[in-house]
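Written out below as structure tokens is the structure these notes cover.
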Amino acid sequence: MTLDTLDRGETELSASHDVVWTPVCRVDDLAPERGAAALVGGEQVALFRLVDGTVLAVQQRDPFSGAHVISRGIVGTRGDAPTVASPMYKQVFDLRTGRCLDGVGREPQDLRTWPVRLDGDVVLVGAAGSPADAGDADLASADAGDGAAR
């Protein structure tokens, strides 16, 4: 069993809050280079499984349109950075950091990221909270796609 944290946000999250790890789906439920949506602690999260098996999680809400569509975006790369292009106005985001790489003529707005781990073949997404919150987490996979964790 391996537990790898692949999101830079975990250190900051752990320093200020307890991290509640929520099981979202099995790795095999996520198609490589496709997105999937899930609810984690009442927030919509977009999961992406890359070709190398890495699973990454960013906010599902497109900050430019307000629509919850990021998991439906086009997965690609810019240099060595895995990216997703919003299906709405085509802004491009780094899946590792959430940073907007191309605002398509607008002021860049970044996506929030979540830490992701694998416990065997189960994808876990971390969120701030207390252990008591874990039982209240309402999670649902919305569509098959990519989720990040190795």
If the requirement is being loosely packed, with under 14 Cβ neighbours inside 10 Å and either under 17 Å from ASP110 (Cβ atoms) or at pLDDT 95 or above (or both), which of these qualifies: THR83, THR77? THR77
Residue ID - farthest from SER71 (Cα to Cα), chosen from residues in the stretch 93-145 that are at pLDDT 95 or above and hydroxyl-bearing (Ser, Thr, Tyr): THR97
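So is LEU101 buried (at least 16 other Cβ atoms within 10 Å of the Cβ), assigned to a strand (DSSP E or B) and of a type in the set (A, V, I, L, M) or not?
When the stated conditions are applied, LEU101 passes them.
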If you scan the stretch 49-61, which residues turn out to be in contact with a Gly (Cβ under 9 Å, 6 or more places away or on another chain), closer than 14 Å to PRO115 by Cβ and either in contact (Cβ under 8 Å) with a residue 60 or more places away in the chain or surrounded by fewer than 24 Cβ atoms within 10 Å (Cβ to Cβ) (or both)? VAL55, LEU56, ALA57, GLN59
Selection from the stretch 1-36 of residues at pLDDT 50 or above and among the β-branched types (Val, Ile, Thr) yields VAL19, VAL20, THR22, VAL24, VAL27
Right, THR83: farther than 16 Å from LEU30 by Cα and in contact (Cβ under 8 Å) with a residue 24 or more places away in the chain or not? no
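The values are calculated or read from the model by the stated rules, or taken from the named source; none is laboratory data. As the structure is a prediction and not an experimental result, all values here were calculated from the model. As a convention, Cβ positions derive from the backbone with ideal geometry for all residues, glycine included, and neighbour counts pool all protein chains shown.
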